[in-house]
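Notes follow the structure.
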Amino acid sequence: QVHLVESGGGLVQPGGSLRLSCAASGNIFSINDMGWYRQAPGKQRELVATVTSSGDTNYADSVKGRFTISRDNAENTVYLQMNSLKSEDTAVYYCNADVNYINSDQFYGINIWGKGTLVTVSS
């Protein structure tokens, strides 16, 4: 099976920075799009940023200029550098990936989610 594991969340003051990481593991053949989503209390999950396998990025308007998504294809890892954090960035951040993997000599494609990491922006 394939798994995504996020790390890097925590408590930070407004204006501060955090870097989230998400590593994919398993019999991975390749990974297409990877991304970060977030869900604040009482709200629906929303897109934060995505990155294709070739490095093309897409951001929510609310984070443009403050957050940067990147990936290391050799390590099957995606990062989210978050700067100038605001209280409204407080949420559980989830990693998402379109993964192609091998099982019993068969190729499969799956969209998977990590379990999430909590980011709290508060003074």
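The values are calculated or read from the model by the stated rules, or taken from the named source; none is laboratory data. Computed from a predicted structure; not experimentally measured. In this analysis, Cβ positions are derived from the backbone assuming ideal geometry, glycine residues included, and neighbour counts consider all displayed protein chains. Heads up: the accessible areas ignore ligands, DNA and RNA and are worked out on the full protein's heavy atoms, side chains in. Shrake-Rupley method; radii C 1.70, N 1.55, O 1.52, S 1.80 Å.
Of the heavy-atom accessible surface of the chain (probe 1.4 angstrom), what whole percent is carbon and sulfur? Spell out each step's value before the answer.
On the way: 2950 of 6690 Å².
Whole-percent figure for carbon plus sulfur exposure: 44.
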Equivalent ellipsoid semi-axes, the chain, via Cα gyration tensor eigenvalues times 5, rooted, Å: 27, 14, 12
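Would you mind working out the accessible area per residue for the chain, using a 1.4 Å probe, and quoting it in Å²?
Numbers: 6690 Å² over 123 residues.
I get 54 Å² per residue for the chain.
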Low-density loop positions, trypsin sites (Lys or Arg not before Pro), the range 53-113 - DSSP coil, at most 14 other Cβ in 10 Å: LYS64, LYS86
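Nearest 20 debye, what's the magnitude of the dipole of the chain about its Cα centre given +1 on Lys and Arg Cβ and -1 on Asp and Glu Cβ? Working shown, then result.
Working: 9 positive and 11 negative charges, 85 e Å.
Around 400 debye, computed over the chain.
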Alpha carbon convex hull of the range 21-86, volume per residue in cubic angstrom: 101
Dipole of the chain [Lys/Arg +1, Asp/Glu -1 at C-beta], most positive-end residue of ASN111, SER30, VAL12: VAL12
